[in-house]
Amino acid sequence: MKDIDLECCQVTVRDGKGEKDRVTALPGSPVEPLRAQLRVVAVEHDRAVAEGTAGVALPFALAVRYPSAQYELGWQYIFPAARASKDPDSGALRRHHIHERTVQRVFKKALRRAGIYKHASCRTLRHSFATHLLESGYDIRTIQELLGHRNVQTTMVYTHVLNRGGRGVHSPM
């Protein structure tokens, strides 16, 4: 929960592709639904603390350095799994994040409901984000930073700049 800033409309992506952290934009439209979700998570977290199933696995040595951090609300997942399960590393009963296959299934259903029958995945959203930023006039370096790419060539391929005629420029005609 601590990695989402609804006031500044930004999300910190930790240990993303290339094991890098980055900050990226959050559109204004999901802010209120996310606030509602955070309230739900807070209530669920209080219940889990009472049941003894609270806590999350912390990255690296943070659990040793800050032993109570795993129980703090800020470290909890915004979209937790429906029920607690056994942590494979520690053996503790705790609630993890929803599984990526669950997200992908919901995404596929949303595509069909929207009448989109092209092949797409959650990763397609990342590509679309980059392409729309480019089409909206953002410079390639800004897009590179938002995507967390080390090399601008990767960003150019990602945004299909290299595959478009006219070097990616729209004709004023």
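Results, tabulated for the structure shown:
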{"quantity": "Filter result (surrounded by fewer than 14 Cβ atoms within 10 Å (Cβ to Cβ) and within 13 Å of Val56 (Cβ to Cβ)) within segment 79-91", "calculated": "Phe79, Ser85, Asp89, Ser90"}
{"quantity": "So Ala130, is it closer than 19 Å to Val13 by Cα and open to solvent by less than 40 Å² (accessible area, probe 1.4 Å)", "calculated": "yes"}
{"quantity": "Tally, over segment 149-161, of residues that are open to solvent by 30 Å² or more (accessible area, probe 1.4 Å), assigned to a helix (DSSP H, G or I) and not hydrophobic (A, V, I, L, M, F, W, C)", "calculated": "2"}
{"quantity": "Residue satisfying condition, being closer than 14 Å to Arg95 by Cβ and of a type in the set (A, V, I, L, M), within set Ala25, Ala50", "calculated": "Ala50"}
{"quantity": "Residue list for segment 39-78, filter: touching a residue at least 12 places away in the same chain (Cβ under 8 Å), loosely packed, with under 12 Cβ neighbours inside 10 Å and within 20 Å of Thr12 (Cα to Cα)", "calculated": "Pro59, Gly74"}
{"quantity": "Residue match in segment 24-44 (condition: part of a strand (DSSP E or B) and either modelled with pLDDT under 90 or not aliphatic (A, V, I, L, M) (or both))", "calculated": "yes"}
{"quantity": "Identity of the residue in segment 133-148, under 16 Å from the mean Cα position of the chain (by Cα) and on the phi < 0 side of the Ramachandran plot, that ends up most open to solvent (accessible area, probe 1.4 Å)", "calculated": "Glu145"}
{"quantity": "Exclusive hit being in contact with a helix residue (DSSP H, G or I) (Cβ under 9 Å, 6 or more places away or on another chain) and either touching a residue at least 40 places away in the same chain (Cβ under 8 Å) or within 27 Å of Leu6 (Cβ to Cβ) (or both), set Ser128, Ser121, Ser136, Ser90", "calculated": "Ser121"}
{"quantity": "Qualifying residue in segment 93-102 (condition: within 26 Å of Glu51 (Cβ to Cβ), at pLDDT below 90 and more than 22 Å from the chain's Cα centre (by Cα))", "calculated": "yes"}
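The values are calculated or read from the model by the stated rules, or taken from the named source; none is laboratory data. Just so we're clear, the structure is a prediction, and the values are computed from it rather than from any experiment. Counting neighbours? That spans all protein chains shown, and the Cβs are built from the backbone with ideal geometry, glycine included. Each accessible area value is taken on the protein alone, full model and side chains, heavy atoms only, with ligands, DNA and RNA left out. Shrake-Rupley method; radii C 1.70, N 1.55, O 1.52, S 1.80 Å.
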